[in-house]
Amino acid sequence: MTNDKGQMTNGKRQMTNLQERGHLLTELVNSNSLNLDQLSSLELVELFNNEDQKAVAAVAAAKVQLAEAIERTAERLRHGGRLFYIGAGTSGRLGVLDAAECPPTFCTPPELVQGIIAGGAGALVRSSEDLEDSIEGGESAIAGRHVTQLDVVVGITAGGTTPYVHGALHAARQRGATTIFIACVPAEQVSFDADIDIRLLTGPEIIAGSTRLKAGTATKLALNILSSGVMVKLGKVYGNRMVDVAVTNQKLRDRALRILQDLTGLSREAAGFLLERSGKWVKLALLMHWTGLEKDEGDRLLSEHQSNLRAAVVSYQNHNQIE
């Protein structure tokens with residue numbers, strides 16, 4: 001969509017025409033579960049498990065679009081941008097959950113990845129589905145976060161028609177942000193003009209229309225891939241270790257020590273001493289161990305390489321070889 005107000009009005013009219021949604025893929029009746037209420041508990045588990053395989057396949061079918069989303073989001077965040085997820089109901093909750101997991105896993109500031117749900121924090125524990133019909137609510141959410149051209153906004157809507165999400169993405173585009181649309185219906189059923197269009201086609205739900213099931217599972221998988229992939233590109237991972245883990249409790253301290261022991265061969269006691277010297281930053285502790293640099297020197301070297309540990313180590317090695 002463009003910034004033209006007339007075209008936005010047409011978009012609102014299109015959403016009004018979609019109030020009859022029975023034709024959507026996510027609303028259709030699943031022929032495999034017509035006798036659902038007659039199945040034994042074991043048969044129920046088997047049916048759910050078989051249907052859930054389709055969620056994994058749906059994500060695999062969208063791999064090219066997901067890869068593009070990772071690349072473009074990482075690029076924006078490198079230049080000071082933020083990542084926003086926005087949705088209503090289950091879709092909104094999944095976005096908030098993924099955003100909330102980034103600070104403890106990757107030690108990111110809370111504002112870097114944010115989840116926005118129609119109805120605010122209260123909607124996380126109590127249904128506020130009526131609020132998803134507010135286009136203006138979505139627009140206000142984007143304005144309230146002062147979204148700019150540096151930011152990425154991911155609109156999540158299983159059925160593709162949620163007015164709150166449409167309003168948010170239109171407002172984000174008007175501000176020059178990169179927009180990503182995630183839906184579980186084909187584009188020919190619900191089209192949307194976003195920078196990246198991700199379709200997770202999981203098919204009809206076991207309980208007709210209950211998109212917290214396969215559609216929700218596929219969405220969670222896709223968001224896992226997107227946020228984790230972005231963090232890998234930003235240097236938050238070394239090999240497959242979360243070297244930016246926030247050491248905020250005993251479990252995470254234990255994980256930090258195991259990472260240091262595995263990658264350095266140090267004893268647990270020596271790893272603990274190194275971790276304390278680094279200010280409880282695993283990435284810096286590894287750099288200090290491998291280079292012999294003190295905390296402040298290592299910190300400066302990491303800053304020069306946008307906190308990318310591998311790049312900092314290679315730079316140090318190359319510099320010392322030249323000397």
Exercise. Condition test on Ala246, is it within 25 Å of Gln317 (Cβ to Cβ) and in contact (Cβ under 8 Å) with a residue 12 or more places away in the chain?
Worked result: no
Problem set entry | Hey, Arg93 buried (at least 19 other Cβ atoms within 10 Å of the Cβ), without any contact (Cβ under 8 Å) to a residue 60 or more places away in the chain and either out of contact with any strand residue (DSSP E or B) (no Cβ under 6 Å at 6 or more places or on another chain) or assigned by TED's automatic domain parsing to the domain that holds Gln189 (or both) or not | yes
Problem set entry | Candidate set: the range 1-50, residues that are in a loop (DSSP other than H, G, I, E, B) and in contact with a helix residue (DSSP H, G or I) (Cβ under 6 Å, 6 or more places away or on another chain); chosen: the one modelled with the lowest pLDDT | Met1
For this session: Taking the options Arg126, Arg173, Arg145, name whichever one is touching a strand residue (DSSP E or B) at 6+ places or on another chain (Cβ under 6 Å) and of a type in the set (Lys, Arg).
Result: Arg173
Exercise. Quick check: is even one residue across the range 218-234 surrounded by fewer than 21 Cβ atoms within 10 Å (Cβ to Cβ), small (Gly, Ala, Ser) and in the same structural domain as Glu43 (by TED's automatic domain parsing)?
Worked result: yes
Problem set entry | Selection count where residues are within 27 Å of Met242 (Cβ to Cβ) and either in contact (Cβ under 8 Å) with a residue 40 or more places away in the chain or assigned by TED's automatic domain parsing to the domain that holds Arg255 (or both), scope the range 100-130 | 10
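The values are calculated or read from the model by the stated rules, or taken from the named source; none is laboratory data. Not measured: the values here are computed from a predicted model. In this analysis, Cβ positions are derived from the backbone assuming ideal geometry, glycine residues included, and neighbour counts consider all displayed protein chains.
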